[in-house]
Every structure is written in structure tokens, then in C-alpha cells.
Amino acid sequence: MKISSVQTSTNHALSVSSSAQQAGLGLYGYSAAVERLFDENPAPANTRHEPGRVVRVDRSLVLVAAGEDLLHLPYPLDGGLPVTGDWVWLGPNRAGERQIVGILPRRSQLTRKRAYEDSSAAQVLAANMDTVGVVVPVDRPLTHNRLERTLVAAWDSGAVPLVIITEADLADVADDVVGQVILQAAGVQVVTTSAEYGDGIDELLAHVPERGTLVLLGPSGAGKSTLINALAGHAVQDTGAVRAGDFKGKHTTTSRELVPLANGTVLMDTPGVRGFGLYDADDGMDAMFGDVEELSARCRFSDCAHQFEPGCAVQQAIADGTLEERRWNSYLKMQRELAALARRSDAAAQRAYYREWHQKVVVAGKSQRSAERGAAERQEERRAKRKRR
């Protein structure tokens, strides 16, 4: 096994995980379909080049699988930033070492809004995955809004979402949680697993296409590392304890990394995700809340605000129990979030929004003053009537 590095530093030690030390690009999902992708996107002319896949992205270097090698390479000088899962062209640099000379178009990518509140920028977490496994631990309260939000992002990625319930052997309420998740997941397949006993592992792998890539998403302490060890058949990731008081776990995974499995599947572990800010997720909203949007189209008025208008199909569905009010509020919250993100990205839209907001404030202020004047006048009239008596 050869490991070449273009950077040497006494204070920066580079290590390769045991999963990444298996040789051969085929271990990382290279297939006939991927070969066609490279044929359709040729490398720069007049250079000696070869295909590769990004295994892990570190702070200053990128770990790339190429042929029989794993290479620590610098970030490319142009052409965008690589993320874990990218297919890339490699070519020589001036010193004769290999470098990333091109990133191929992504057939799927998992994206979220960057964490800080005022940002309108996207953060790409993973690329070229076939299945997004949303990990739900059975031994803690189910957070419905978090599950919906993550599934919206999963649908929007272009991959197929899959809900994976973990640690089913630890709780007596497994059936109840599974039932809730099936109702909440809106048509997404649900698999129940017990990593300790190996239950559900084969069923889980059956949902990933041959030589496909599975990315796991979930909060810290959700059992992702334990599940990865069960899928790999050996200890790939450290596992950590979960606090009983608040169900929070320690980040045992610190970076996104590809892990080849024996059956040809490529697994991508991710650090625990505390929040998932949506980014341009219209397709995901359609897939996750299509029933809600269909209800909205049935209202009597096309501009229905779904509050007190007569003939509102949404309010009628909430009243008769067809639509859960919590689900409706979750939908509204995500729509407001996406609208705010769009305004931050579009200066003209933002100015129009603030003009409308200012007008509403002015009108509301006038209405309030008018109401106060009216009340004062009515009170004065009553006093005058009492005096005349």
C-alpha cells in the first residue's frame, strides 16, 4: 500500500483509518455508471490523468482514493471545493506529484444552510450518495419536527431517503416508536435495527443499490458508530455513552469519511448534526409535504391565508383530524425559513419585503390610534349622556 503526501510537517500528523487502507478504487464505488460519468466529463487535454474519489476532507488536505493508492493532496487551485464522495480527475503538478485538476458534476448532494443565523450560504455535506439513512434512536423521545426537517433535506439531495431505527433492543417501546415514525415519514421506507444482535443489517443493506453509497445522518449518540461497526463487521468507529438526563452524546465521529464494506457498499459516516437549516429545498418540501400543499390548493379562495377564511380546506382538515396541527405548523415554519433565505439571497426581494413590512406596521399603527380615538370618543359620549340625565 502506497501513501504519498505533498505536505510534510512536524506538527501535522496525517493518519489513514483502517477502513481506508483497503486498496482499489472499486472499493469506493467505482462502477460502469461512474466510468460513463468520467467519459462524459473528460479531463483537461494534454495531461496524464486518472480518476479518483474523495474519501475524506481534512482542514488542509484531501484524502483521495486513486487506483491502488490513497493520496493526501492539497485543495485544488480552482474549480470549486471538493467534499466527501466527490469523483475527481487527478493530474500531475509542476513537481510531478498528483493533484486534483477537476471535480465531476454531482448526481446528488446533501446540502444545508450554514449554521450561523444571518447566513444565506450553502454547506455541502456529502456528494454522490444513493441512499440517505436518517438514524432515529428508539431509546429517546421522538422529535417529529427534526425528523421532518431532515427528511426534507434528504429528499432534496437527489438520493433516496431511508429511516433507520437503531438500538431497538434497548427499549420496550420499539413498536410504538416505529409506528410513529412510519406515520411521520410520509412514505419513506423504515428499517429497524439492533446492532448488538445484528438484527436488520441485511435488510438495511438491501435498500442500497449495488456499489452504492449510503450516508448516515443523525444526532450525536444516535448509535451511528455502533451501526457502522455492525455493518463493517469490525470496529471502525469508537462509540460513546449517552447522558441519561438529556439524551445527548459525545461526537465520536469528527469528519465525514467513506468506509468500504465487504459487499461493495460504500458507507459515509457523518458527525452528529445538531440542526439542519434548510437550503433551497423546494423539491424536498414537495416530497415531504405534498399532501399539505394539495390541501392548500382545495381552498375556496386562491389567496387563502388558511386562518379564518370560509371554505379553507386546511383548517377543515385540522378540525376533522385529517391533518395534524403540529404537522401544519412545522410546514409553515419551514416555508418561512425558506422564504427568509430567499430574501437574503435576493436584495430586491428583501427590499420589497421590508417595504411591505413597514406598510403593515404603519397601517397597524394607524388602526391602533384610530381604535383608541374611537374608544375615547365613545367614552366621552357616555359621560355626556349621563350628565344630561
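The values are calculated or read from the model by the stated rules, or taken from the named source; none is laboratory data. Values in this document were obtained by computation on a predicted structure and should not be read as measured data. Methodologically, a virtual Cβ is constructed for each residue, glycine included, from the backbone with ideal geometry; neighbour enumeration extends over all protein chains shown. Just so you know, the surface numbers come from the protein's heavy atoms only, side chains and all, with ligands and any DNA or RNA stripped out. Shrake-Rupley method; radii C 1.70, N 1.55, O 1.52, S 1.80 Å.
In table form, for the structure just shown:
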read-out	value
Segment Gln335-Asp303, extension gain: residue separation times 0.36 nm, minus the distance between their alpha carbons	9.9 nm
With all protein chains modelled, accessible area of Tyr197 [1.4 Å, Å²]	150
Label-point separation in nm, Glu324 to Tyr75, each point 7 Å along Cα→Cβ	4.1
Whole-number D in µm² s⁻¹ for the stretch 23-104, Kirkwood Cα-pair radius fed into Stokes-Einstein, 37 °C, 0.692 mPa s	259
